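Here is the structure we will look at.
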Amino acid sequence: MRPKIYLFGDSITEESFSDGGWGAALANHFSRTADVVLRGFSGYNTRWAMKVLERVFPAEMNVGGGRAPLAVTVFFGANDACLPDRYSAFQHVPIDEYRQNLHAIVAYLKNRWPSTHVILITPPPIDEAARLLHPYGENPSNLPERTNETAGNYAKACVAVAGECGVPVVDLWTRMQQFREWDKAYLRDGLHLTSGGNKLVFEEVIGKLKEVGLSLETLPADLPFIDGIDPDNPLKAFEE
């Protein structure tokens, strides 16, 4: 069985297998070395993620000598950071609880599979003006349900948890804002990713995977490549 890389997160993960998505790009990149498995849940926060952990990663995954995943990306925080006095308040999770939940998710995964690399990804920055143009539903206050400042606080909390747990982190909130006109280049509705935003996430995740030793150079390919098959004796390649 090929080893697996799991993507666990909210809508930005759920959409990652769409055309040009960062998850689809990972699947293409590792097409002969690992299966990339999507476990994204639109609208979810870390509180809800805690409730579904055992369904997403059931005990049966360990039955029959099942292999530990190579890596799991954990990409939550955009919904936790919804403001408690705005129309998406039901998604809000206080920042202290957000930190605790991230700690618990990392601990759950590392206790299950000590060899698995857990990579945290911070929420992205928020384009507040664009959020007003793309509300989820009725917005009587005419105020954005998220602010970039609050998203940044949750991103800093995510980075801090990664340091405390000793796991890699993609600080997407900081990285994205290092580019000019990031709000239009990387976000299509002030929150979700454009093709450019997906490319950026893909590159950042690939970089973190390489840092922990997971790359095309280090992972064995599944079955012989065509250039390794002898035209005069093709079946020999399958006898090894």
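Listed here are the residues, each with its yes/no results for (1) in contact with a Lys or Arg (Cβ under 6 Å, 6 or more places away or on another chain); (2) among the hydroxyl-bearing types (Ser, Thr, Tyr); (3) closer than 28 Å to Lys210 by Cα.
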site: Gly43; (1), (2), (3): no, no, no
site: Pro58; (1), (2), (3): no, no, yes
site: Thr73; (1), (2), (3): no, yes, yes
site: Phe76; (1), (2), (3): no, no, yes
site: Arg86; (1), (2), (3): no, no, no
site: Gln100; (1), (2), (3): no, no, yes
site: His103; (1), (2), (3): no, no, yes
site: Val106; (1), (2), (3): no, no, yes
site: Asn111; (1), (2), (3): no, no, yes
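Listed here are the helices (runs of 4 or more DSSP H) enclosed by segment 169-234 that have at least 3 residues being touching a Gly at 6+ places or on another chain (Cβ under 9 Å), of a type in the set (D, E, K, R) and surrounded by 14 or more Cβ atoms within 10 Å (Cβ to Cβ), and there are none.
Of all residues in segment 79-105 being over 16 Å from Asp10 (Cα atoms) and either hydroxyl-bearing (Ser, Thr, Tyr) or touching a helix residue (DSSP H, G or I) at 6+ places or on another chain (Cβ under 8 Å) (or both), which is modelled with the lowest pLDDT?
So in segment 79-105, the residues over 16 Å from Asp10 (Cα atoms) come out as 83-87, 89, 94-97, 99-100, 103-104.
When the remaining residues are screened for being either hydroxyl-bearing (Ser, Thr, Tyr) or touching a helix residue (DSSP H, G or I) at 6+ places or on another chain (Cβ under 8 Å) (or both), the result is 83, 87, 95, 97, 99, 103-104.
Details: Leu83: 97, Tyr87: 92, Ile95: 98, Glu97: 98, Arg99: 98, His103: 98, Ala104: 98.
So, considering only residues that are over 16 Å from Asp10 (Cα atoms) and either hydroxyl-bearing (Ser, Thr, Tyr) or touching a helix residue (DSSP H, G or I) at 6+ places or on another chain (Cβ under 8 Å) (or both), the one modelled with the lowest pLDDT is Tyr87.
Looking only at residues of segment 157-168 that are surrounded by 15 or more Cβ atoms within 10 Å (Cβ to Cβ) and over 16 Å from the mean Cα position of the chain (by Cα), we find that the one that is farthest from Thr73 (Cα to Cα) is Ala157. Just name the residue that is farthest from Phe8 (Cα to Cα) out of those in segment 115-144 that are at pLDDT 95 or above and part of a loop (DSSP other than H, G, I, E, B). Of everything passing the filter in segment 115-144, Asp127 is farthest from Phe8 (Cα to Cα).
Just one of Phe76, Phe57 is touching a strand residue (DSSP E or B) at 6+ places or on another chain (Cβ under 9 Å) and either over 22 Å from Phe202 (Cβ atoms) or modelled with pLDDT under 95 (or both); which is it? Spell out how you get there, then give the answer.
Values: Phe76 fails: either over 22 Å from Phe202 (Cβ atoms) or modelled with pLDDT under 95 (or both).
After applying the criteria, what remains is Phe57.
When restricted to residues that are farther than 20 Å from Gly197 by Cα, of a type outside the set (Ser, Thr, Tyr) and surrounded by fewer than 18 Cβ atoms within 10 Å (Cβ to Cβ), segment 14-36 contains 2.
Only one of the listed residues (Phe238, Phe202) is over 22 Å from the mean Cα position of the chain (by Cα) and either within 30 Å of Asn79 (Cβ to Cβ) or modelled with pLDDT under 95 (or both). That residue is Phe238. Tell me, which residue of segment 37-62 that is over 16 Å from the mean Cα position of the chain (by Cα) and of a type in the set (Lys, Arg) is surrounded by the fewest Cβ atoms within 10 Å (Cβ to Cβ)? Here the residue is Arg55.
The values are calculated or read from the model by the stated rules, or taken from the named source; none is laboratory data. The structure presented is a predicted model; accordingly, all values stated were derived computationally and were not measured. Counting neighbours? That spans all protein chains shown, and the Cβs are built from the backbone with ideal geometry, glycine included.
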